[in-house]
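Note sheet for the following structure.
The values are calculated or read from the model by the stated rules, or taken from the named source; none is laboratory data. Nothing here was measured: the structure is a model prediction, and the numbers come from that model. FYI the Cβ positions are ideal-geometry reconstructions off the backbone, even for glycines, and counts take in every protein chain you see. Heavy atoms of the whole protein, side chains included, go into the accessibility calculation; ligands, DNA and RNA do not. Shrake-Rupley method; radii C 1.70, N 1.55, O 1.52, S 1.80 Å.
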Amino acid sequence: MNIEHNHSLQAFNSFGFTAYAEHFITVSSDEQLLEALATANSEKWPVFLLGGGSNLVLTRPIPGLVIHLTNQETTYQQQSDGTTLVTVAAGKPWHEFVVETLDNDLAGLENLSLIPGNAGAAPVQNIGAYGVELNTRLHSVRAYHRASASWQTMKPSDCAFSYRDSVFKQNPNEFVITHVTFLLSASTPAVLSYAALNQALTANNINTNPENAADNIALAKIISQTVINIRQSKLPDPKIIGNAGSFFKNPVVDAVHAQTLKAAHPNLVAYPQPDGRVKLAAGWLIDTLGFKGYRKGNVGVHTEQALVLVHHGGGTGEELMSVAQEIITKVDANFDVRLEIEPVVV
Ligand code: EPU
């Protein structure tokens, strides 16, 4: 077992902040994972599970043992009804996995193209984009539950999924997700509920009513490319400028509050929810207060999308959190809305 000490995490967080892990290990098998956890137990080290680091703000060194899973295997099990169970190991970069499923003529994950991070972290925040949330495609999660020292195969109903939330997010570092299984097929129907996606396809005269599985897969591949184009037009590439995607969740308010805001701000972007409440576009709230492109030292707000905080280089997680706090305070004062931070803050 190769435990490193005072290991730099700069390459392991998409903000690119300089921070260290007190102890660090990469593991690629169940045996190595159990050995690493046993060592942490005997040394009384806290454990921190690190995926792709694309949803993480590092404000200080991480104490204890940071475990990074690297297994990238995928397996395909065809079912008698024509669907396929696809299992991906936690260390596979999510977008590579999406591309691989489409190359294997399996539709269902195309709207989730180009989301940064590794497959093992995808269920933690129940990744969602362009009308699809991970839980709607998920078959099961295989995880090691540390408190009971047992392996569990968890169905979506065991995972307490909601918008950007899950049992894994609620109980940090309690479950070690090693594999994620999806139920996909050539004829998984396309989801075109997201206006910008639908408009882009219509503008290119794409037939969105496929008549057979082959046409459906062709459409799924076009959707994937269209999502990639939309994301690239508004979201900064973490390889070029440090960021963690959306920094805040889109807040949900009651209908009366939404009506009051709409009366004062006719351009308010608001989406009614099935429970009668209303989800607001946090990006719009922040943008309206003039924060787009805001810069304070080495950190700030992206020029194209106010929901994304960025690190220009040479800054710290603490500086970023001070900008986040400034935004939270101003949004609260102006709209009476409490923004919640989306990434994990250490
Ligand atoms: N808007 C503004 N100004 C801005 C940003 C947005 O006015 O600076 C307005 C837009 O014009 C639009 C609305 O706000 O009317 C919503 O914006 P957008 O379509 O860009 O989506 P979002 O609500 O900002 C969410 C997810 C994204 C996901 C997209 C597409 C959250 C917190 N974010 O963003 O997820 O890709 O929808 O489904 O739910 C992520 O989690 O990292 C992420 C990028």
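Mind checking the full-extension length gain between residue 296 and residue 59? Use 0.36 nm per residue of separation minus the Cα-Cα distance, one decimal, nm.
Stretched out fully, the residue 296 to residue 59 stretch lengthens by 83.7 nm.
Suppose R0 equals 41 Å; then what is the FRET efficiency for residue 329 and residue 237 from their Cβ-Cβ distance, rounded to the nearest 0.05? Walk me through the numbers before you get to the answer.
Values: r = 29 Å, r/R0 = 0.72.
Plugging the Cβ-Cβ distance into 1/(1 + (r/R0)^6) gives 0.90.
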Take the chain, connect every pair of alpha-carbon atoms lying under 10 Å apart with a spring to form a Gaussian network, then pick out the residue of 276, 315, 293 with the largest mean-square fluctuation.
276
Tally Lys/Arg at +1 and Asp/Glu at -1 over every other residue whose Cβ is under 15 Å from the Cβ of residue 98; what's the total?
-2
Where is the GNM fluctuation largest for the chain (alpha-carbon springs, 10 angstrom cutoff): 251, 238, 274?
274
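Using a 1.4 Å probe on the protein heavy atoms, what percent of the accessible area of the range 74-234 belongs to carbon and sulfur? Before the final figure, lay out each step's value.
Working: 3300 of 6950 Å².
Exposed carbon and sulfur together represent 48 percent of the surface.
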Normalised contact order of the range 1-117, rounded percent, pairs of Cα under 8 Å and 6 or more residues apart:
22 percent
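Report the extension gain between residue 30 and residue 77 in nm, rounded to one decimal, defined as 0.36 nm multiplied by the number of residues separating them, less their alpha carbon distance.
On the way: separation 47, 0.36 × 47 = 16.92 nm, distance 2.10 nm.
The span from residue 30 to residue 77 would gain 14.8 nm if fully extended.
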Where does the charge balance sit around residue 29 when Lys and Arg score +1, Asp and Glu -1, over other residues with C-beta under 12 Å from its C-beta?
-4
What pairs from 155/239; 262/296; 92/296; 249/330 go past 25 Å between their alpha carbons?
155/239; 262/296; 92/296
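What dipole magnitude, in Debye to the nearest 20, does the chain give about its Cα centre under +1 on Lys/Arg Cβ and -1 on Asp/Glu Cβ? Present the calculation step by step, with values, prior to reporting the outcome.
Working: 22 positive and 31 negative charges, 161 e Å.
Dipole magnitude for the chain comes out near 780 debye.
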Per residue accessible area of the range 58-213, 1.4 Å probe, in Å²:
43 Å²
On average, how much accessible surface per residue is there in the range 242-345, in Å², for a 1.4 Å probe, leaving out ligands, DNA and RNA?
46 Å²
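Return a whole-number percent for the relative contact order of the range 4-69, with Cα pairs under 8 Å and 6 or more residues apart as the contact set.
Numbers: 123 pairs, mean separation 27.8, N = 66.
For the range 4-69, the relative contact order is 42 percent.
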So how far apart, in nm, are the two label points at residue 22 and residue 38 if each is 7 Å from Cα heading toward Cβ?
2.2 nm
Between 335, 291, 17, where does the largest GNM mean-square fluctuation fall for the chain, given springs only between Cα atoms within less than 10 Å?
335
Farthest positive-ward along the chain dipole, Cα basis, beta-carbon charges - from 224, 91, 182:
224
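May I ask you to derive the relative contact order of the range 242-345, considering only C-alpha pairs under 8 Å and at least 6 residues apart, and to give it as an integer percent?
Computed value for the range 242-345: 32 percent relative contact order.
Give me the net charge of residue 210's neighbourhood, meaning all other residues with Cβ under 14 Å from the Cβ of residue 210; Lys, Arg count +1, Asp, Glu -1. Kindly include the intermediate steps, with their values, before the conclusion.
Values: positive: 221; negative: 105, 110, 211, 215.
That sum, taken over residues with Cβ under 14 Å, equals -3.
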Helix-derived mean residue ellipticity, 222 nm - over the chain, DSSP H n ≥ 4, -39500 (n - 2.57), to 500
-8500 deg cm²/dmol
Roughly how many whole Å is it from the C-alpha centroid of the range 124-153 to that of the range 180-230?
24 Å
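According to the square roots a ≥ b ≥ c of the eigenvalues of the Cα gyration tensor, what is the shape class of the chain, taking rounded for a/c under 1.5, prolate for a/b larger than b/c otherwise, and oblate for the remainder?
Details: a/c = 1.71, a/b = 1.07, b/c = 1.60.
Judged from the Cα gyration tensor, the chain comes out oblate (a/c at least 1.5, b/c at or above a/b).
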So residue 265 and residue 136, fully extended at 0.36 nm per residue minus their Cα-Cα distance, gain in nm 43.1 nm
Once you place label points 7 Å from the Cα toward the Cβ at residue 149 and residue 312, how far apart are they in nm?
5.3 nm
With only alpha-carbon pairs counted, each pair once and no self-pairs, how large is the Kirkwood hydrodynamic radius of the range 201-340 in angstroms?
17.2 Å
Just from the alpha-carbon atoms, what are the Rg and Dmax of the range 4-69 in angstroms?
11.5, 33
Test of understanding: extend the Cα→C-beta vector of residue 100 to 7 Å, then name every residue of the range 161-204 with backbone N under 14 Å from that spot.
179-182
